[in-house]
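Quick notes on the structure that follows.
Since every read-out is calculated from the coordinates, none of them should be taken as a lab result. Just so it is clear, the model here is predicted, and its values are computed rather than measured. All Cβ positions, glycine included, derive from the backbone under ideal geometry; neighbour counts span all protein chains shown.
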Amino acid sequence: MAYDETAYRRNAGDEQTPADPAAYRTGSASTDFRSRRRDLDRDDTGVRITEPVPEVSRRGGDDGRDRLGVHIGWEIVLLLAVAAIAYLLYRLDPASLRRPALDTLLISGAALGLLALGAGLTLRAGVPNLAVGPIALAASLHFAENGDQGLVRGAVPALAIAAAGGLVAAVLVLMLHVPGWVASLGAAMGVIVYDQLRTAPVAIQGTYDPADQAFYLFGGFALLAVIGGALGTVPSIRRSVGRMRPVGDPAARPGAGAVFPVLAALVLSSVFAAGAGILMAAKSTVPIAPGTGLEWTGIAFGAVLLAGTSAYGRRGGIFGTLLSVAGITLFLDYADRRTFDIALFAIAGATIGAGLLVTRLVETYGRPLAPAGFDEEWTGASQGGDLPETWTPSASSASRSSDQWDLGPWGSGR
C-alpha cells in the first residue's frame with residue numbers, strides 16, 4: 001500500500017507533522033489521526049481505506065454506496081427466465097395467458113408480490129418478518145369464514161389484527177433489542193396456533209371476485225416494487241432504513257433513529273401479508289386448508305433473494321422483485337397444469353438456495369471499487385483499527401512508499 005503524505009498531514013505547513021515516518025507504524029498512530037480516518041467499506045469488504053475527511057456514520061451497516069451493474073445484469077437474466085417460462089406456459093396452453101385465466105394469474109402474482117414486498121422490506125430494515133406466511137394463511141381462513149358479511153367486514157378485521165401484531169413485534173424488538181427474525185418466529189408460532197385450530201378445510205363463504213381488478217392489483221404491486229427498489233439505491237434512505245442491521249456489537253442498541261424504520265417495516269409487512277391472504281382466499285375455488293403457512297414465508301423470502309436482494313439486506317436492484325415474483329407465479333401455474341405435484345416447501349427451499357447463490361454474486365461484485373492505486377493487502381485493520389503486528393509492505397508498495405517519502409518534508413525533495 002502506497003503511503004500518501006496528504007493522508008497523514010493536516011496541511012502542507014502543519015508544524016505538528018512528525019519528523020519520523022516510522023511514527024505511522026503499528027500502534028503509533030495518534031488519536032487525532034485516528035479520529036480523521038474514514039471507514040469507506042468496512043463491513044462490505046473487510047478492507048479499511050483512510051482519507052483525510054471526517055468520519056461518517058456507519059450505523060446502517062455500510063456507507064450507502066453500491067455498484068448497480070451486477071444487479072442490472074442479473075435482472076436481465078431474470079427477464080430472460082420469465083420470458084422462457086411464459087413461452088413454455090403458452091405452448092402448453094395458449095388460453096392460460098388470455099382472460100379469464102390471465103386474471104387468475106395476475107391475482108396470484110399480486111398475492112405473492114405482497115408477500116415478497118413484506119419480506120423484502122423487513123430484510124432491508126434488518127428485522128426479517130418470518131411470520132408473513134402464517135399471517136397470510138390466517139387472513140385467508142378469516143376471510144373464508146366471514147366473507148359473506150361483505151368485503152369490508154371480512155377484510156378490515158384481518159388487516160387491523162395483522163397491523164396490531166406487527167406493532168407488538170416491533171415494540172418487542174425495539175425495547176429488548178433482539179433480532180427481528182427471532183421475535184417474528186415467535187409471533188409466527190402464535191399465528192400458527194390460530195391457523196391450526198381448524199380441523200377441516202374452510203369453505204369460501206363470500207362472493208367477492210377480484211377478477212375485475214386483476215390488472216390494477218398486479219399493477220399496484222409492480223409500482224410499489226419498482227419504487228421501493230429505486231428508493232433502496234439512494235444512499236441516505238438505505239442507511240436510514242437499515243439502522244437495525246448490526247455493526248460491531250450486534251447487541252448494542254441502535255438509537256432512536258431505528259424506531260420508525262422498524263415500526264414501519266414490521267407493521268407494513270404484516271398488513272401486506274394479510275392482504276395477500278385475502279386475495280388468495282378470494283380467488284380460490286377450493287376450501288382453504290389449515291396448516292402452518294411457513295411454506296409461503298419460504299417462497300416470499302426466496303423470491304426476494306432470487307430478485308437480487310442480499311441476505312444481509314444492504315444491496316438490492318430495482319426490477320428484481322417484480323421479475324422474480326412474475327417468474328415464480330408463472331412456474332407455479334405451469335407446474336400445476338403439468339401436474340408436477342411439487343410441494344410448496346420444496347419450491348421454497350429451492351428458491352432460497354438459489355437466492356443464497358445470488359446473494360454471494362451481488363456481495364462479491366456489488367461492493368464499491370477500491371480507489372486507484374489502493375493495495376488491498378491491508379485487510380487486518382478492519383478488525384482492530386491498526387496495522388497488524390506482522391504487516392510488512394510489499395515490494396511494489398515499498399517502492400511507491402519510498403518515492404512518496406522523498407517528496408515529503410522528510411525527504412530531499414523539500
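Quick check on the exposure proxy: order Asp195, Asp341, Asp93 from fewest to most C-beta atoms within 10 angstrom.
Listed from fewest to most nearby Cβ atoms, that is Asp341, Asp93, Asp195.
Post the alpha-carbon centroid distance, the range 88-108 to the range 276-313, in whole angstrom.
First find each Cα centre; the distance between them is then 20 Å.
Normalized C-alpha radius of gyration of the range 187-316, against 2.2 N^0.38 Å?
1.29
What ranking of Val247, Val178, Val271 emerges when the number of other C-beta atoms within 10 Å of each C-beta is taken as an exposure proxy, fewest first?
Val178, Val247, Val271
Under the rule a/c < 1.5 gives rounded, and otherwise a/b versus b/c splits prolate from oblate, where does the range 74-365 land using the Cα gyration tensor?
Here the range 74-365 falls in the oblate category.
When Ser236, Ser96, Ser269 are ordered from fewest to most other Cβ atoms inside 10 Å of their Cβ, what list results?
Fewest-to-most Cβ neighbours within 10 Å comes out as Ser236, Ser96, Ser269.
Can you give the Kirkwood hydrodynamic radius for the range 103-231, in Å, rounded to one decimal and based on Cα pairs?
Every distinct Cα pair counted, the radius reaches 16.0 Å.
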